[in-house]
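Down below is the structure, laid out as structure tokens.
The values are calculated or read from the model by the stated rules, or taken from the named source; none is laboratory data. No experiment lies behind these values; they were computed from the predicted model shown. Heads up, the Cβs are rebuilt from the backbone with ideal geometry, glycines too, and the neighbour counts pull from every protein chain shown. Quick note on the areas: whole protein, heavy atoms, side chains included, nothing else; ligands and nucleic acids left out. Shrake-Rupley method; radii C 1.70, N 1.55, O 1.52, S 1.80 Å.
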Amino acid sequence: GIGRSAGIMAPKSRFMLALLASALVPSVVVAFLPGGLVLGARPRADHRGRWAMQQSPSPGDNDLANSVLSKLCPLLKVVANSDPTAPRNQQLETALSGFSSISRLPWGAEVAPEVAAAAVRLEKPIVIYEFEACPFCRRVRELVTYLDLEVEVRPCPKGSIRHRNEVASLGGKQLFPYMIDENTGTSLYESADIANYLLATYGQGASFPPLLLESTLLTGWVPTLLRAGRGMSRWEGAVKEAPAAPLQLWNYENNQFCRLVREAMCELELPFVVKSAGKGSSRRAELLELAGATKCPFLFDPNTGEKVGDSGAIMEYLFKTYSSPVAV
């Protein structure tokens, strides 16, 4: 069996520290911004003039993310459970993930009506290198739900043995998120640029979700803190061999149960195809036919043929199949 790791903080203490950190984080973030936070950024064009851009305020978001995360990591290590397979307080896990979802409403739950009506499917999934705990990766995932896209996520947790090196080889630096769209031959760093590219290319004329980019600097950090760094680092018990084929996950970004599964997949560095199934998505009918219900998350593993439809059962399956016990 899998035992509880030594030195794990009591659930109540972990909860209180996470709440304290999430309350303080806006001040921490704003401190990194020259001249403070400025909302209502104006559109601009990219250097090729290919699409109108809604610019994220502040310096490069990747630089900001790295700076703030480096300051917060010690705190996250204090409140986090280092062993993701250890027994958890399920009520607390659900509550913290639920509060995380509330903090990011209304983003990441619904599909744009224009996109839902068109129901376009891409020839090839867009590839996104990212990690679950990153707030700037989160804003891209929220837009993926809004645009009802199918994307292949290649998790890049700290301690990665595969995907971070791939990003450095492909793009020249380890910054996240990083996107490759083989449908158009486009590759991009910077979450704001990726978000605007996706909207211009696949938005079917939909408008940009109001304040999605600007809000990241205030509430985008809340899930990272409330979840105490889950989905940030590769677990040492994760198997070294990559699966032959990416797993498939029916998911939408702001679902509290989907978040728990994505955290586990990031900690195991498992590539997976996101089958976006937000409210209004035509994939809900597909999911109903496949699983008998439209409830997310739902996992299909083409490597084993396994189908699992409950977040707790999915996590149990993932750690049983793609990890091994760690010597104490």
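Things to note:
- Residues of region 115-150 that turn out to be open to solvent by 40 Å² or more (accessible area, probe 1.4 Å) and either of a type in the set (D, E) or in a loop (DSSP other than H, G, I, E, B) (or both), as a count: 8
- Criterion (open to solvent by less than 40 Å² (accessible area, probe 1.4 Å), modelled with pLDDT of 95 or more, part of a strand (DSSP E or B) and farther than 19 Å from G280 by Cα) met by exactly one of V153, V167: V153
- The residue of region 223-234 that is nearest to M265 (Cα to Cα), among those that are in contact with a Ser or Thr (Cβ under 6 Å, 6 or more places away or on another chain) and not in a loop (DSSP other than H, G, I, E, B), is P223.
- Tabulated pairs, region 108-120, first within 12 Å of G205 (Cβ to Cβ) and charged (D, E, K, R), second in a loop (DSSP other than H, G, I, E, B) and open to solvent by 30 Å² or more (accessible area, probe 1.4 Å), C-beta under 6 angstrom, 6+ apart or interchain: E114/Q204; E114/G205
- Restricting region 276-312 to residues that are farther than 25 Å from E241 by Cβ and basic (K, R), the residue that is least open to solvent (accessible area, probe 1.4 Å): R283
- Filtering region 177-189 to residues that are in a loop (DSSP other than H, G, I, E, B) and surrounded by fewer than 22 Cβ atoms within 10 Å (Cβ to Cβ) leaves E182, N183, T184, G185.
- Positions within region 215-237 being touching an Asp or Glu at 6+ places or on another chain (Cβ under 6 Å) and of a type in the set (G, A, S), in sequence order: G231
- Under the condition of being open to solvent by 40 Å² or more (accessible area, probe 1.4 Å) and touching a residue at least 40 places away in the same chain (Cβ under 8 Å), the residues counted in region 235-245 number 4.
- Among (1) buried (at least 24 other Cβ atoms within 10 Å of the Cβ); (2) free of Cβ contacts under 8 Å to residues at least 60 places away in the same chain - the single one R259 does not satisfy: (2)
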